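Worksheet: the structure to be examined is printed underneath.
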Amino acid sequence: MTGFLASLSAALPVPVQTVGLLVLSNVFMTFAWYGHLKNLAHKPWVIAALISWGIALFEYLLQVPANRIGVQHFSVAQLKIMQEVITLSVFVPFAVFYLGQPLKLDYLWAGLCLVGAAYFMFRG
């Protein structure tokens, strides 16, 4: 299986690998940080923290390689801004569909601010 993954990653361009790993990492991060609010609200906070740490391990198993791969193509600042854009892109659907939070216009404004940040980080 590792041979398959190595050949698959070798066939994908660095930006695609980086974004893909960061998206998956953010899914785990979002569940680690906020999933306990729905699923473990009745448990002591220390239980929620321990379970969140377990979930966060998978986040880091994806995020660290994403940044190591990504730094071959992007600056560290670009990686950070990319991470923030991906975080909001993952968080908003999670908050609305999983946690049942109302969709707010503020998400759009925050997204536009990140678009501006990405513009300044990635402009030639």
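The values are calculated or read from the model by the stated rules, or taken from the named source; none is laboratory data. All figures in this text were calculated on a predicted structure; none of them were measured in a lab. With ideal geometry, Cβ positions are generated from the backbone for all residues, glycine too; neighbour counts draw on all protein chains shown.
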Based on this model, can you work out whether residue 59 counts as farther than 21 Å from residue 115 by Cβ, within 13 Å of the chain's Cα centre (by Cα) and acidic (Asp, Glu)? yes
Hey, does region 77-86 have a residue that's under 21 Å from residue 24 (Cβ atoms), modelled with pLDDT under 95 and among the β-branched types (Val, Ile, Thr)? yes
